[in-house]
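Below you'll find the structure, written out as structure tokens, and then a few comments.
Please treat every number below as a calculation from the coordinates, not as lab data. Computed from a prediction, not measured in an experiment: that's the story for all the values here. Heads up, the Cβs are rebuilt from the backbone with ideal geometry, glycines too, and the neighbour counts pull from every protein chain shown.
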Amino acid sequence: MRDILYVDMATLSTERKPLPEKWSRYAGRALTDAIVYDMVPPTCDPLGRGAVLVFAPGLFGGTSAPNGGRLSVGAKSPLTGGIKESNSGGQAAHALAKIGLSAVVVTGKPADPLARFMLSIEADGSVKIERVDGWAGLGNYAVADAIKALRPADDHYATITNGPAGEAGLKAAGIAISDMKGYPNRFAGRGGLGAVMGSKGLKAIVVSDKGLKGVEHADKEAFNAAMKRFAKALTDHPVSGVGLPTYGTNVLMNILNEAGGLPTKNFSSGHFDDVEGVSGEKQREVTLERGGNVKHGCHTGCVIQCSRYWVDKEGAYVTKGPEYESAWSLGTDCCISDMDTVAALDRLCGDYGLDTIEMGATLAVYMDSGKIAFGDGPAAIKALKSIFEGGEPGMVLGHGAEATGLAFGVDHIPVVKHQAMPAYEPRAVQGIGVTYATTPMGADHTAGYTITANILGVGGTVDPLKTAGQAELSKNLQIATAMLDAFGLCIFVAFPVLDIPDAFVAIYDMAAAHTGQAWDTDELMKLGREVLTFERLFNTAAGFTAADDRLPAWMKTVPLPPHNTVFEVTDAELDSVFDFVPETAKEMGLL
Amino acid sequence: MKVDVALFAYLSDHQPDGLGGRHARAFDLADGTRVADVIADLALPDQPRIVFVNNRHAAEDSALHDGDRLAIFPPIAGG
């Protein structure tokens, strides 16, 4: 049973319908894309009545597929103006899938902009929408506590919550998903989806899967056999089996620094002299000294276990990770080398419901204006708090790096399609520049993670400082990633999948055994191309052109130390990345 | 010749001074020493590695030169 739950926030009514046959092979990012493509006028106001917000577990949601519990969230992005899929770990995807839901589709908006609502989806499939006006302005952690107080003590549930940033319609607002301990610390962070949720008056979604078993398989025995092969590949590979569980994602900080590709001081250098304080190795040492947890999964079924909790000097929980991207954005890019300061900023972002990548890049842009100094942690914290507490610089920060740069006269703004670049410098890692420029998402490393071959020697090697092969590398990774996102698989499975051929086979063996449908290599790649085709067509209809698939002009003219290189991949090569779209669109019957 | 050697993640336990940490140590090496010779001398585990010489990826058979910085990482990734 795979159904869609439609929730109309104008009438406060819900309706559960079977998943249309045409989408029977779609889940996760493929399904959020298909629904947004189908229901959302590309030129609509992303916060208006015509906007739609979609939550969809991947195809492996609710199963024991290793690392298969990602939740895709889709909408038209208020930040980029294009289609957005932002996916997150946490417990909600499994819970929704166990209830039999392949998607929750939220439409309309309430007449009263001050009204706040909680949507509860119970294990028996019953659905309720309640007023929670008193929760207006509450941070994600307080909302999590308020929900806990309302639920039975023996309940088992996940939360999807929106902080004050989303309520205020800020373009850097993300949506929080609860982890295994119930902390609202996993995020569909990018692209302002929290603002879309806020525009619908939706403060929280609670999904209870108490007592529910895993989703049934067409062939349980075959699924379990393939699942064991997949799990073995994940634990055998040195990256997913040792590196990630030991150091977490922030193990990348030193290696990007060594490669000269670590964006520092608002993307003005590829090297951070004070990197040690925010490195993954130091983070592990301090966390262990303080008695914090350095190894757990962000969702049930994760075998990689790269999550960790940062604790204060007394050992009390502060925030997750911080993850590499957050330690980089809130640390390195702002020249802040103190992890307690980074964690304080991360916690504020988590509680407000702000994307840490966007906000770190935004603070660095603000520092570049000279209003506060690079490296001034207390000033950064004060600036971030000013979004909600008043004073300078105030709310504009919450609209992201570009809005802040424009407001304060900074001409060095690292964005593509209005979204801030993550933790890899395109001038020193040319492949990731191709991904930033061309992905329909706006600057997004996860869309086609060329760091694999450019820096890490996973899935081959492509010289990061040369242009040869970068467009092809990005294209193939964007297709493969779109496929993984449709299955709800964590992107980190890509490391073993790129190196161990049977891990890739195990994915379609699991898919076939789970669904009873035929899946093979061609079908996986076709799915990836279809996902990207929905996205490209939507963006074209929303007004995007080739000019939007470009990095900021200064990245092609201002050399980046220490390699003193510029971004040199040609426009023609960038425009070749999506050469498959017209043909795929025709095959899909969309053109 | 003098070469600065930095070891990262769990490889830092292999620094000859036993102090760990990611900071580079100055090694006195014979002319013509290759990256692989340093790896052998440090008894690094037999597994894939990511090697940089002067911030550029380098093959393990490449020769080192006076004043070089050598950085070695175990197989790692994140994002």
Worksheet entry | Distant-in-sequence amide H partners of residue A:187 (H built 1.01 Å from N, under 5 Å) | A:89, A:177
Practice prompt. Quantify how strongly other chains surround peptide A:250-262 by giving the mean number of their Cβ atoms within 10 Å of each of its Cβ atoms.
Written response: 5
Practice prompt. Check each of the trypsin sites (Lys or Arg not before Pro) in segment A:185-291 and keep only those in coil by DSSP with at most 11 other C-beta atoms within 10 angstrom; list them in order.
Written response: A:213
Fill in: Gyration tensor (alpha-carbon) shape descriptor, segment B:2-73, a/c threshold 1.5
rounded
Worksheet entry | Within chain A, longest stretch free of exposed GluC sites (Glu not before Pro) [DSSP loop, at most 11 other beta carbons within 10 Å] | A:315-591
Response to the item:
Pairs over 28 Å Cα to Cα, from A:232/A:526; A:171/A:203; A:232/A:295; A:84/A:203; A:84/A:232, come to A:84/A:232
Worksheet entry | Beta bridge orientation in segment A:104-260: antiparallel %, DSSP, nearest 5 | 75
Discussion item. Around residue A:336, under 11 Å between beta carbons, what's the net of Lys plus Arg minus Asp minus Glu among the other residues?
Written reply: -4
Item to complete: Could you pull out the chymotrypsin sites (Phe, Trp or Tyr not before Pro) across chain B that fall in loop regions by DSSP (anything but H, G, I, E, B) with no more than 13 other Cβ atoms inside 10 Å?
Response: none
Item to complete: Under 10 Å from the Cβ of residue A:508, count the other residues' Cβ atoms, weight Lys and Arg +1, Asp and Glu -1, and hand me the total.
Response: -4
Worksheet entry | Note, ³J(HN,Hα) from phi for segment A:106-112, Karplus 6.51, -1.76, 1.60, rounded to Hz, x at Gly and Pro | 9, 10, x, 8, x, 5, 8
Worksheet, complete the sentence: Percent relative contact order for segment A:258-395, counting Cα pairs under 8 Å at least six residues apart, stands at 19
Response to the item:
Among beta bridges assigned by DSSP with both residues in chain A, the antiparallel ones amount in percent, to the nearest 5, to 80
Worksheet item: If you add up the charges near residue A:400, with Lys and Arg at +1 and Asp and Glu at -1, over every other residue whose beta carbon is less than 13 angstrom from its beta carbon, what do you get?
Response: 0
Worksheet entry | ³J(HN,Hα) computed for each position of segment A:547-553 - Karplus, 6.51 cos²θ - 1.76 cosθ + 1.60, integer Hz, glycine/proline x | 4, 7, 8, 9, 7, x, 4
Worksheet item: How would you rank A:133, A:179, B:46, going from fewest to most other Cβ atoms within 10 Å of each one's own Cβ?
Response: B:46, A:133, A:179
Worksheet item: Which log10 I(q)/I(0) values, to two decimals, does segment A:3-208 give at q = 0.10, 0.14 Å⁻¹ under the Debye formula with one point per Cα?
Response: -0.35, -0.71
Worksheet item: Counting alpha carbon pairs within less than 8 Å and at least 6 residues apart, what relative contact order, in whole percent, applies to chain B?
Response: 41
Practice prompt. Please identify which residues in segment A:159-184 have an amide N closer than 20 Å to a label point set 7 Å out from the Cα of residue A:395, following the Cα→Cβ vector.
Written response: A:162-175
Worksheet item: 222 nm [θ] for the protein assembly as shown, helices only, -39500 (n - 2.57) per DSSP H run of 4+, per residue, to 500?
Response: -9500 deg cm²/dmol
Worksheet, complete the sentence: For chain A the mean separation of alpha carbon contacts under 8 Å (6+ apart) over residue count, i.e. relative contact order in percent, is 15
Discussion item. I need the Debye-formula profile for the protein assembly as shown: one equal scatterer per C-alpha, no solvent, reported as log10 I(q)/I(0) at q = 0.06, 0.07, 0.09 1/Å, two decimals.
Written reply: -0.30, -0.41, -0.69
Fill in: Percent antiparallel among DSSP beta bridges (both partners in segment A:3-208, rounded to 5)
75
Worksheet entry | In order through segment A:419-426: 3J(HN,Hα) via Karplus (6.51 cos²θ - 1.76 cosθ + 1.60), integer Hz, x for Gly, Pro | 10, 5, 6, x, 8, 9, 8, x
